[in-house]
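Contents: one structure, followed by commentary.
Rule-based calculations on the coordinates, nothing more; no lab input. As the structure is a prediction and not an experimental result, all values here were calculated from the model. Methodologically, a virtual Cβ is constructed for each residue, glycine included, from the backbone with ideal geometry; neighbour enumeration extends over all protein chains shown.
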């Protein structure tokens, strides 16, 4: 990784982030609150190794990630956005690794409950019996008290699309299959969670985009480029770990399987793609900032989120080939 103001590296195999790295002044409070909240809700209850999973998850430094993604947010917005993304990250762990192929029915059940919460169809008793569903139910109720209806509707659709594509990815993994390049590019926008993270920029920074602005090409293309740059970079950092777990939904695996590239060639191509997307994202942020407010604040939030994610991915223990407890 290379950041603005740093010496130019000798290697060309470097992701060059054009956005400075910043961290929220609320970082210390966010760290303490996140650890306490996560332990209190005990989302890994029912798992034989619940204590280890909890330690491992906290060791991924989610608070560091969120403090860098939303460095300019006031604490209430930062705190709520961080908890919503923590929930998705935890759910991701369950769907990717914790619920094995023998727990497909349970995974489908929980995904169905979360879908019902987001679409206003949840049955209280069923939700209360599942820690992950109950947690999102509480968070979504809190979110409904501060967010406008048009944002809630749009964000719920984004989350449901994430759930659907994540279940599809489980089937690919169980079958040890690798999606084609076209299948990967389509599904990665949704199961990568970046459209959701982009929506949370509005929540964290109170930059609620009106419906007529959120659908403008200048804004929708921002989310697309942010997703490309972040998920493809994520695939680089997680390549060894995901390959070891049989995950085919990784761009490096897709390129070596379907495009005839060697591992080194795939990595080089992905670095080039990520750098191109980051430069385009920077250009598009300028275009979006010219739209009516709060578009400029949202565009600045996109830059900060991209920078924060890149910094976190390069340093977190989450993508170590053998996760530490």
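Quick check: convex hull of the Cα atoms in segment 49-159, volume per residue, rounded to a whole Å³?
Output value, Cα hull per residue: 118 Å³.
For a test of the definition: using alpha carbon positions, the gyration tensor, and the 1.5 limit on a/c, classify segment 113-193 as rounded, prolate or oblate.
Since a/c reaches 1.5 but b/c is at least a/b, the shape of segment 113-193 is classed as oblate.
Once you've got the GNM for the chain with C-alpha springs shorter than 10 Å, pick whichever of 274, 111, 14 has the biggest mean-square fluctuation.
Greatest mean-square fluctuation among the candidates belongs to 14.
Using only alpha carbon pairs under 8 Å that are at least six residues apart, calculate the relative contact order of segment 84-180 and give it in whole percent.
Relative contact order for segment 84-180 comes out at 32 percent.
Under the √(5λ) rule applied to the eigenvalues of the Cα gyration tensor, what semi-axes describe the equivalent ellipsoid of segment 198-325? Give them in Å, descending. Provide the component values of the computation, followed by the final result.
Numbers: eigenvalues 194, 55, 26 Å².
Ellipsoid semi-axes (Å, largest first): 31, 17, 11.
Of the listed peptides 62-69, 218-225, what is their order by residue-averaged count of other C-beta atoms within 10 Å, with the highest listed first?
Ranked from most to least packed, the peptides come out as 62-69, 218-225.
Let me make sure I get this right: for segment 1-109, a, b and c are the square roots of the gyration tensor eigenvalues over alpha carbons, sorted descending. Under 1.5 in a/c it's rounded, otherwise prolate if a/b > b/c, else oblate. Which is it?
Values: a/c = 2.61, a/b = 1.54, b/c = 1.69.
In terms of gyration-tensor shape, oblate.
I want to verify a result. In a Gaussian network model of the chain, Cα cutoff 10 Å, which of these has the top mean-square fluctuation: 21, 288, 39?
39
Using 7 Å Cα-to-Cβ label points, what is the residue 119/residue 49 separation (nm, one decimal)?
Taking the simple label geometry, residue 119 and residue 49 are separated by 3.5 nm.
Translational D (Stokes-Einstein, µm²/s) of the chain at 10 °C and 1.306 mPa s when Rh comes from the Kirkwood sum over C-alpha pairs?
Working: Rh = 20.2 Å.
The Stokes-Einstein estimate is 79 µm²/s.
Over the Cα atoms of segment 158-265, each weighted equally, I'd like the Debye log10 I(q)/I(0) at q = 0.14, 0.17, 0.22 Å⁻¹, rounded to two decimals.
Debye curve over Cα of segment 158-265, log10 I(q)/I(0) at q = 0.14, 0.17, 0.22 Å⁻¹: -0.60, -0.82, -1.19.
Using the beta-carbon distance between residue 22 and residue 220 and R0 = 35 Å, what value does 1/(1 + (r/R0)^6) give for FRET efficiency, to the nearest 0.05?
0.85
Between residue 98 and residue 167, what is the label-to-label distance in nm when each label sits 7 Å out along the Cα-to-Cβ direction?
So the label points at residue 98 and residue 167 sit 1.9 nm apart.
Please state the relative contact order of the chain as a whole percent: Cα pairs under 8 Å, 6+ residues apart? Numbers along the way, then the final one.
Working: 402 pairs, mean separation 87.2, N = 325.
With pairs under 8 Å counted, the relative contact order is 27 percent.
Set the Förster radius R0 to 56 Å, insert the Cβ-Cβ distance between residue 287 and residue 128 as r into 1/(1 + (r/R0)^6), and round the FRET efficiency to 0.05.
Numbers: r = 46 Å, r/R0 = 0.82.
For R0 = 56 Å, the calculated efficiency reads 0.75.
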